[in-house]
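Structure first, then comments.
The values are calculated or read from the model by the stated rules, or taken from the named source; none is laboratory data. Predicted, not measured: the structure shown is a model, and the values here were computed from it. Every residue, glycine among them, receives a Cβ derived from its backbone with ideal geometry; neighbour counts consider all protein chains shown.
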Amino acid sequence: MIFCGPVRPADLDAILRRGDAGVMAKKPKRLPRDANARAFAIGEIATGSVEVPNESAKASAGRKGGQKGGDARAAKLTKSKRSAIAKKAASARWTKRAN
């Protein structure tokens, strides 16, 4: 449900009962910024009274690919290719600095 104007009280009650605006996905809850509230939340997590959600399969697969990506790419490249990439990167850094 997308609202383009003022929200009627009946619509507001429906939104509050549902717990979200119905438009965006829910973000995972983060620890609060307040020191006391953060300590309380950490204590609840440590004692097990609050469940910490596991990361999704997509997130773990993405991290797994990212961890081995650089090493796999470096193993495939020849020495001359690596040198050419490094020279291009160095020239890009120096041209930025000159401007």
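Residues checked against (1) part of a helix (DSSP H, G or I); (2) more than 16 Å from the chain's Cα centre (by Cα):
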position	(1), (2)
Pro53	no, no
Lys64	yes, no
Ala72	yes, yes
Ser80	yes, yes
Ala84	yes, yes
Ser91	yes, yes
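Is there a residue in the stretch 48-57 that is hydrophobic (A, V, I, L, M, F, W, C) and modelled with pLDDT under 80? Within the stretch 48-57, one or more residues are hydrophobic (A, V, I, L, M, F, W, C) and modelled with pLDDT under 80. Evaluate the stretch 50-57: report whether one residue or more is in contact with a helix residue (DSSP H, G or I) (Cβ under 7 Å, 6 or more places away or on another chain), without any contact (Cβ under 8 Å) to a residue 12 or more places away in the chain and of a type outside the set (S, T, N, Q). Yes, the stretch 50-57 contains a residue that is in contact with a helix residue (DSSP H, G or I) (Cβ under 7 Å, 6 or more places away or on another chain), without any contact (Cβ under 8 Å) to a residue 12 or more places away in the chain and of a type outside the set (S, T, N, Q).
On inspection, Gly19 passes the criterion of being at pLDDT below 60 and among the small types (Gly, Ala, Ser).
Here Ser80 fits the description: among the small types (Gly, Ala, Ser), surrounded by fewer than 10 Cβ atoms within 10 Å (Cβ to Cβ) and at pLDDT 85 or above. Scan the stretch 44-77 for residues that are farther than 22 Å from Arg30 by Cβ and charged (D, E, K, R) and the total you get is 5.
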